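A quick write-up on the structure given underneath.
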Amino acid sequence: MIIGRAIGETSLSSIEFISKTSPKIGEYVTLNYDGKTVLGMIETLIHGSVSLNSDIYDPGTVDMIKAIEGNDTYIKGKVKILGDLDDNLRIPRTPASPGTEIYLADNDILNKIFQVKNPLKIGGLISQENIDVNININKMITRHLAILAMTGAGKSNTVCVIIDELLKYNGTMVIFDMHSEYVDGEFNNGEVNIIIPEINPIYMSFSEIRRLTNISSSAYIQERYFRESYKIAINEAREGNSRDFLNVLKGNLNNWYESEIFRGKELKSGEKTKIMDVINKVEDLENKYGSLLNTNVGDILSQIQLGKANIINLGQSDEATAEVIVSHVLRNALNSRKLFIHKKTEKGLKFPVFFIVEEAHILAPKNRSINSKLWISRIAREGRKFGLGLCLVSQSPKSLDPDSLSQANNMIILRLVEPQDQRHVQSASESLSEDLLLQLPSLNIGEAVVLGLMVKIPTLVKIDEFKGRRYGDDLDIVNEWNQYKSNQEKEVEKQKQAFKGLGGNY
């Protein structure tokens, strides 16, 4: 079906066209020239009229011109050239001639393009919903993914669709669940495994503990006392001593402070003050992270189960605790996979894992240096070599670390209205053209631009609706008020009846 013809000056990357039909943005078209069949996508459309131009200021004039001229409107648009269908979608070396006919791409062509090995069905084309959009799982995981959108645009639904599809393949995911959205979720294709956010100190490095205690590596005297007490506490923990790790840590320091003896020698002048400084910092550690450290739990990595959606529930944790959990898990996962891949150990993480980081702008912020940001960036740069994938989920892309975001070679971008968010995303993606960028504010809920190595061509997709059970939707505020009022009235009535039963008058 011919929908238009090329006009004006054409280029290797795009052409303008004129049409009398009503094509849609996001529709795929084909052009035949120089013995090639070239695929393109409609990126912009405008509807205009030669007679009814913007210089008219009287509505009556519009009526007069319409009566005389009739329907002289036109549709003008721009097609992005995607490549030669017979040459692995390579961009032709010659542009189309003006006047070249433009056809709507038929379903056979599109089905072939979106046919991949081990497909993950994400949804259907916005313009042709009967065409399934499948993405390449290997390239999605090894080349990382970012899911970006304003609040309420469909991020959580998109994450759930991806999780459920991956479970078909025994996919193993670890979801850092910042708001307990997935804890009570039910997936059609697999099970959920809840991991309590606790860390056994014996699986932490000394530098991790020291950092949590806020002892600088340049504070040599403080570090010396802390390290000595740490060695004693960690050895007791490894031997299965039931005493609390932090209590042992503090107990050693208090003994040295009170006895004024350290390593069999009297403390020098001023050293007691340094020990007290360390004691105060350990107490701060206990107040801030006491619920996080538990010598009675195993290695958190050993709790990750193959073929399940492993949820680390951070809904009751503050941001500081979440940052510690994320950095600990990612650091140990990378080190474990390196050792396993290089056959230096038979223990550790023996299978690939896809990490999904909710609220990524909090855990990898743009303008703050925190440890979770460091390890998210490390996984983004090195993870693919060791079977560790990363999915960054954020409703505030402008606040997300640009280095980490730029390592995500795949993107699912739902509705984005904020210009700074749009520009930040565009600067991190080579595939997001200016014309596609302009479409982001007009996307409906659940519609997305899908880009990157996991798809052969940029795609406008209607994301499937997740059919399992999940939480995280907006509350029905009015219903909550009414429900609370109803509960109050029932309680009052219950108290009345109880009082009457005692023979009283209400």
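The values are calculated or read from the model by the stated rules, or taken from the named source; none is laboratory data. Just so it is clear, the structure is predicted and the values come from calculations on it, not from any experiment. No Cβ is skipped: glycine too gets one built from the backbone with ideal geometry, and neighbour counts run over all protein chains shown.
Among helices (runs of 4 or more DSSP H) lying entirely in the stretch 359-412, which contain 3 or more residues that are in contact with a strand residue (DSSP E or B) (Cβ under 8 Å, 6 or more places away or on another chain) and buried (at least 19 other Cβ atoms within 10 Å of the Cβ)?
It comes to 360-363, 371-382.
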Quiz item: Can you pull out the residues in the stretch 349-359 that are at pLDDT below 95 and either aliphatic (A, V, I, L, M) or not assigned by TED's automatic domain parsing to the domain that holds His179 (or both)?
Solution: Leu349
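Is one or more of the residues making up the stretch 302-319 touching a residue at least 60 places away in the same chain (Cβ under 8 Å) and assigned by TED's automatic domain parsing to the domain that holds Glu236? So that I can check it myself, show each step before the final result.
Taking the stretch 302-319 and keeping what is touching a residue at least 60 places away in the same chain (Cβ under 8 Å), we get 303-317.
Those left that are additionally assigned by TED's automatic domain parsing to the domain that holds Glu236: none.
No - not one qualifying residue is present in the stretch 302-319.
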Quiz item: Can you tell me which residues in the stretch 344-358 are surrounded by 20 or more Cβ atoms within 10 Å (Cβ to Cβ), assigned to a loop (DSSP other than H, G, I, E, B) and not aliphatic (A, V, I, L, M)?
Solution: Glu358
Quiz item: Of everything in the stretch 160-188 that's at pLDDT 95 or above, outside any strand (DSSP E or B) and of a type in the set (Val, Ile, Thr), which residue is nearest to Gly452 (Cα to Cα)?
Solution: Ile162
Quiz item: Just wondering, is there one or more residues in the stretch 96-111 that are touching an Asp or Glu at 6+ places or on another chain (Cβ under 9 Å) and under 26 Å from Ser442 (Cβ atoms)?
Solution: yes
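So how many residues does the stretch 247-280 have that are β-branched (Val, Ile, Thr), in contact with a helix residue (DSSP H, G or I) (Cβ under 9 Å, 6 or more places away or on another chain) and part of a helix (DSSP H, G or I)? Walk me through it before giving the result.
Residues of the stretch 247-280 that are β-branched (Val, Ile, Thr), as a first pass: 248, 261, 273, 275, 278-279.
Next, from what is left, pick out any that are in contact with a helix residue (DSSP H, G or I) (Cβ under 9 Å, 6 or more places away or on another chain): 248, 261, 275, 278-279.
Going one step further and asking which of them are part of a helix (DSSP H, G or I), we end up with 248, 275, 278-279.
Going through the stretch 247-280 one residue at a time, the tally reaches 4.
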